[in-house]
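Each value in this text was obtained by applying a stated rule to the coordinates, not by laboratory testing. Not measured: the values here are computed from a predicted model. With ideal geometry, Cβ positions are generated from the backbone for all residues, glycine too; neighbour counts draw on all protein chains shown.
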């Protein structure tokens, strides 16, 4: 009986995946960052900063565009993300948003937030993953 179930599940998975259309290769997201364009460029140019912002994001290329400075909000920065491969649906926009939010955090606080070593109620809490 179990042998009959597995092919049915794999057939259904193939059917669903055939309906998934690849999405765009490009995405753009903007966000005001409380710093000047020169400071943002400096942080972006640093190898460690760029690596932290792009961690686990399949980006082939990322460019930054600087817009106007909004009083009290900072400089509007647009991340133009070119992906290595198309992703389904709105995932490209989500990834571009992640890039610009991580850059904002890095410029404004000096670090990119992570939950890598967050304590939890489990035996392996606090250990590197």
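Collect the residues in the range 46-56 that are free of Cβ contacts under 8 Å to residues at least 24 places away in the same chain and on the phi < 0 side of the Ramachandran plot, keeping them in residue-number order.
Within the range 46-56, 46, 47, 48, 50, 51 qualify.
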Within the range 57-107, of all residues that are at positive phi and assigned to a loop (DSSP other than H, G, I, E, B), the one surrounded by the fewest Cβ atoms within 10 Å (Cβ to Cβ) is 72
Can you name every residue in the range 33-57 that is in contact with a strand residue (DSSP E or B) (Cβ under 6 Å, 6 or more places away or on another chain) and farther than 19 Å from residue 109 by Cβ?
none
Taking the options 43, 107, 77, 62, name whichever one is within 26 Å of residue 23 (Cβ to Cβ) and in contact (Cβ under 8 Å) with a residue 40 or more places away in the chain.
77
